[in-house]
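Values in this text are rule-based calculations from the coordinates and carry no lab data. What you see is a predicted model, and the numbers here were worked out from it, not measured in a lab. As a convention, Cβ positions derive from the backbone with ideal geometry for all residues, glycine included, and neighbour counts pool all protein chains shown.
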Amino acid sequence: MLDLAVNFLAAEFNAYLLRRLGSASLGRVVPGGVVDDKGVLAIETGTVALSLVNIEEERTLREQVPARLLRGGRELLLQPELKLNLTLLFAARMVDYPTTLRALSHVLTFFQANPAFSTAEHPGLDPRIGRLTVELLSVTPETLNQLWATLGAKYQPSVLYRVRLVSIQDQEPFAAGAPIQDIAFDVRER
């Protein structure tokens, strides 16, 4: 599911860029890491890297009860859905600084105009995801410094977004049983 959500957002942004500019040459979003295995910056010049930098569980919407599902005449119990918030980093690497800022401005404009995605409005979104909400994540310079140090790269102009509610559901049941088909009452007169 993580890959589906990240690839969907990249594809939607690239389509927006193509509609807006007639070309995706200025700031095409490419999902991937910021650095390679050797610690060298892996962002291709002329692109905006989209990298997953954090995953956190959405505990306020956490389900406690197992999901019940009827399949083949049997009742199956699945573990409750795991609802996640993703922190995505969009880091631009262009030929010069003004172009870099212009590319980041396109990212900001896109998500300002499209703060939510649903399967009803965006058929490319996997139905298992259903809906994504995107919000700008404001962090302090210290946090940004720590993030780039953790990534192992020198700072690149970038912006962080939180993507809410990517749900993960294991389809392997942990319990199965015959469904209840009727209820018999034992009525005894006293």
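Take peptides 89-96, 1-8 and line them up by average Cβ neighbours within 10 Å, highest first, as a rough protection proxy. Mind dumping the intermediate values first?
Numbers: 89-96: 19.8, 1-8: 15.4.
Those peptides, ordered most packed to least, come out 89-96, 1-8.
Net charge dipole, the stretch 69-170: roughly 80 debye, given to the nearest 20, about the Cα centre with Cβ charges of +1 for Lys and Arg and -1 for Asp and Glu.
Less than 5 angstrom separates the built amide H of R128 from none of the residues sequence-distant by 5 or more or on a different chain.
For the stretch 51-60, putting each phi into the Karplus relation 6.51 cos²θ - 1.76 cosθ + 1.60 with θ = phi - 60° gives couplings of 10, 7, 10, 7, 10, 9, 7, 8, 6, 5 Hz, in residue order, rounded to whole numbers and with x for Gly and Pro.
Only sites in a loop by DSSP and with at most 10 other Cβ atoms within 10 Å count here; which trypsin sites (Lys or Arg not before Pro) in the stretch 1-41 make the cut? Walk me through the numbers before you get to the answer.
Working: sites: R19, R20, R28, K38; in loops: K38.
Loop-located and lightly packed - K38.
The stretch 1-38 to the stretch 101-147: how many Å between their Cα centroids? Centre-to-centre (Cα) distance: 11 Å.
Give, as a single signed number, the net charge of other residues whose beta carbon lies under 10 Å from the beta carbon of A103, with Lys and Arg counted +1 and Asp and Glu -1. Intermediate values should be presented prior to the final figure.
Details: positive: R28, R93, R102; negative: none.
My count for the surroundings of A103 gives +3.
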